Amino acid sequence: MIAMQDVQKHYGDLHVLKDINLSIPKGQVVVVLGPSGSGKSTLCRTINRLEPIDSGEILIEGEVLPAEGRDLARLRSDVGMVFQSFNLFAHKTILQNVTLGPTKVRKMNKADAQKRAIELLDRVGVASQKDKYPAQLSGGQQQRVAIARSLAMAPKVMLFDEPTSALDPEMVSEVLDVMVSLAREGMTMVVVTHEMGFARKAADRILFMADGELVEDTDPESFFSAPKSERARDFLSKIL
Ligand code: ADP
Ligand code: MG
């Protein structure tokens, strides 16, 4: 579903992605762990070319992601992304937030888009909020709307970059529960998170990054019980 081959990226002198190679099959749930500044967000953002890369290739379903143009827009729309900050459109209702992409980008008719949006809002448990504006919802509700909005584009892959980091603690689980159910339904997911409970419960695979390098690529059981690298042991000792 996603492949990265010899991907390199710098910000000026900072080598932020160092020769990343990985291949993520359809349906796999990958959790990306690592200290702050290790390149996790950059990795996510390169997967849909929100950030350009210096060299190497990124493939979505075997198709090389181009640097620009119509093919980029098409491939990018196959990749949903949910950020730490919810990024909802403040002046649109919850329902409008979810129907906007499908009607404007996918050219879906309004009635179909609304029907689908309500199904998705129902699935994430916020259908009753559909006529409100983002600021009238809690952070946890807003983040669930953001997930529904991404799903409305029928993505093949979902990227999550610390989706619960900005939430009050009591709202973390309502968002993680939605992510766990997506994972169980077979969505291909790349999730940057510090929620080790989620990693243990939902991940098929752990990627551990440090200083722009992919240091470990293993299953959760091995990672948590017997991390191979000193850097992963050090990371785990600080968070567990
Ligand atoms: P993480 O998500 O693991 O905390 P990031 O991918 O955000 O790490 O950042 C990796 C490194 O790249 C950090 O040192 C960060 O300061 C730097 N960085 C991130 N974005 C930019 C940018 N737009 N310009 C310059 N440096 C950046
Ligand atoms: Mg980050």
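The values are calculated or read from the model by the stated rules, or taken from the named source; none is laboratory data. Just so we're clear, the structure is a prediction, and the values are computed from it rather than from any experiment. We place every Cβ from the backbone using ideal geometry, glycine too, and count neighbours over all the protein chains shown. Side chains are part of the model used for accessible areas, which takes the heavy atoms of the whole protein and leaves out ligands, DNA and RNA. Shrake-Rupley method; radii C 1.70, N 1.55, O 1.52, S 1.80 Å.
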Relative packing of 114-121, 148-155, 6-13, which averages over residues the other C-beta atoms within 10 Å, highest first:
148-155, 114-121, 6-13
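Once every DSSP H run of n ≥ 4 in the chain is given -39500 (n - 2.57) and the sum is divided by its residues, what mean residue ellipticity at 222 nm do you get, rounded to the nearest 500 deg cm²/dmol? The partial results should precede the final answer.
On the way: 9 runs with 92 residues, N = 240.
That calculation yields -11500 deg cm²/dmol at 222 nm.
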Whole-percent carbon and sulfur share, accessible surface of the chain, 1.4 Å:
48
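I need the shape label for the range 10-74. Rule: rounded when a/c is under 1.5, else prolate if a/b > b/c, else oblate, with a, b, c from the alpha carbon gyration tensor. Before the final figure, lay out the partial values.
Details: a/c = 2.02, a/b = 1.18, b/c = 1.70.
Taking the square roots of the gyration eigenvalues as a ≥ b ≥ c, the range 10-74 is oblate.
Counting each pair of different Cα atoms once, what's the Kirkwood radius of the chain in Å, rounded to one decimal?
18.5
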Could you give the spread of the C-alpha atoms of the range 125-174 along their three principal axes, from largest to smallest, in whole angstroms?
29, 26, 16
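In terms of the ratio Rg/(2.2 N^0.38 Å) built on C-alpha atoms, what value belongs to the range 152-200? The partial results should precede the final answer.
Values: Rg = 10.9 Å, N = 49, 2.2 N^0.38 = 9.7 Å.
So the Cα radius of gyration is 1.12 times the expected 2.2 N^0.38 Å.
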Which of the lysines could be linked to Lys228 by a straight reach, that is with a Cα gap under 23 Å, when you skip same-chain ones fewer than 8 residues away?
Lys18, Lys40, Lys201, Lys238
If you take the beta carbon distance between Leu100 and Asp211 as r and set R0 to 45 Å, what does 1/(1 + (r/R0)^6) give as a FRET efficiency, to the nearest 0.05?
0.70
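Take the Cα atoms of the range 33-162, build their convex hull, and give its volume per residue in Å³. Walk me through the numbers on the way to the answer.
Values: hull volume 16.5 nm³, N = 130.
For the range 33-162, the hull spanned by Cα atoms encloses 127 Å³ per residue.
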Reachable lysines from Lys107, Cα under 27 Å, same-chain residues fewer than 8 places away excluded?
Lys26, Lys92, Lys115, Lys130, Lys132, Lys156
On average, how much accessible surface per residue is there in the chain, in Å², for a 1.4 Å probe, leaving out ligands, DNA and RNA?
47
Sort 184-196, 63-75 by the packing proxy (mean of other Cβ within 10 Å over each peptide's residues), most packed first.
184-196, 63-75
Using modelled amide H (1.01 Å from N, peptide plane; none on Pro or chain starts), what sits under 5 Å from the amide H of Ala210, excluding residues fewer than 5 places away?
Val215
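If packing is taken as the mean number of other Cβ atoms within 10 Å per residue, what is the order of 197-206, 215-224, highest first?
Values: 197-206: 18.4, 215-224: 16.4.
In descending order of packing, they fall as 197-206, 215-224.
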